[in-house]
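**Student:** This is the structure I want to talk about, given as structure tokens.
The values are calculated or read from the model by the stated rules, or taken from the named source; none is laboratory data. Being a predicted model, the structure only gives us computed values, none of them experimental. When we count neighbours, we look across all protein chains shown, and the Cβ atoms used for this are built from the backbone with ideal geometry, even at glycine. Surface areas here come from the heavy atoms of the whole protein model, side chains and all, with no ligands, DNA or RNA. Shrake-Rupley method; radii C 1.70, N 1.55, O 1.52, S 1.80 Å.
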Amino acid sequence: MTDLRKFLILIAAGGSAAVLLGAIGSQFIGGLAPCHLCILQRWPHAIAVVIGALALAFRARLLPLLGALAALTTSGIGVYHTGVERGWWEGPTTCTSGPIGGMSADELLNQIMDAPLVRCDEVAWQFLGLSMASWNAVISLGLALIWIAAWRRSAQA
């Protein structure tokens, strides 16, 4: 039973790592700049990878549940982002930026003018009618189910 638990954790954490690498690859290789919600969807995947490493090193029963929570969190953000893209509800009205201390007004203006405008309500890429946010929601829900299966194996042992 322990081997199946470890296998399930590897699949779940590896799936999050693959989604995270795919998102980063689409940004740096594919040239698709992420919006604020895209960035938010990456963090739970990174956390799930760390939880997976911990769950493989330590047999704590709570860790697979935390992995499931991370996967459900990014899935929920993906559903929210999909709704924003499809116009079902409004998205965030705020933007984020890096620190501007020590910059002159001209440098700041140049940074603003050179920054790509990435809107959360526009689909930059889609496959089979689903955007990246939608795919993240679906895949992450599946990963959450795998985490839950690993937790059930932890409870049986």
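**Student:** Output the number of residues of region 121-134 satisfying the condition of being within 12 Å of CYS38 (Cβ to Cβ), at pLDDT 80 or above and either hydrophobic (A, V, I, L, M, F, W, C) or touching a Cys at 6+ places or on another chain (Cβ under 9 Å) (or both).
**Tutor:** Adding up the residues that qualify gives 2.
**Student:** Same structure again: Among the listed residues ALA12, ALA68, identify the single one that is under 29 Å from TRP89 (Cβ atoms), in contact with a Phe, Trp or Tyr (Cβ under 8 Å, 6 or more places away or on another chain) and modelled with pLDDT of 90 or more.
**Tutor:** Working: ALA12 fails: under 29 Å from TRP89 (Cβ atoms).
Sole residue among the options that is under 29 Å from TRP89 (Cβ atoms), in contact with a Phe, Trp or Tyr (Cβ under 8 Å, 6 or more places away or on another chain) and modelled with pLDDT of 90 or more: ALA68.
**Student:** Moving on. Check LEU63, LEU72 and return the single one that is open to solvent by 50 Å² or more (accessible area, probe 1.4 Å), in a helix (DSSP H, G or I) and farther than 15 Å from TRP135 by Cβ.
**Tutor:** Numbers: LEU63 fails: open to solvent by 50 Å² or more (accessible area, probe 1.4 Å).
Step by step, each of LEU63, LEU72 is checked, and only LEU72 is open to solvent by 50 Å² or more (accessible area, probe 1.4 Å), in a helix (DSSP H, G or I) and farther than 15 Å from TRP135 by Cβ.
**Student:** So, LEU56, is that one without any contact (Cβ under 8 Å) to a residue 24 or more places away in the chain and over 28 Å from GLU90 (Cα atoms) or not?
**Tutor:** Details: without any contact (Cβ under 8 Å) to a residue 24 or more places away in the chain: no; over 28 Å from GLU90 (Cα atoms): yes.
The answer is no for LEU56.
**Student:** Out of everything in region 1-19 that is crowded, with 20+ Cβ neighbours inside 10 Å and of a type in the set (A, V, I, L, M), what residue ends up being farthest from the chain's Cα centre (by Cα)?
**Tutor:** In this case the residue turns out to be LEU8.
Matching residues to (1) among the acidic types (Asp, Glu); (2) at pLDDT 80 or above; (3) in contact with a helix residue (DSSP H, G or I) (Cβ under 8 Å, 6 or more places away or on another chain):
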position	(1), (2), (3)
HIS36	no, yes, no
GLY52	no, yes, yes
ALA55	no, yes, yes
VAL79	no, yes, yes
GLY83	no, yes, no
GLU107	yes, no, no
ASP114	yes, no, no
LEU117	no, no, no
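**Student:** Pick from TRP43, TRP89: which is at pLDDT below 90, among the aromatic types (Phe, Trp, Tyr), open to solvent by 60 Å² or more (accessible area, probe 1.4 Å) and over 12 Å from ALA144 (Cα atoms)? Show your work before the answer.
**Tutor:** Numbers: TRP43 fails: at pLDDT below 90.
The match here is TRP89.
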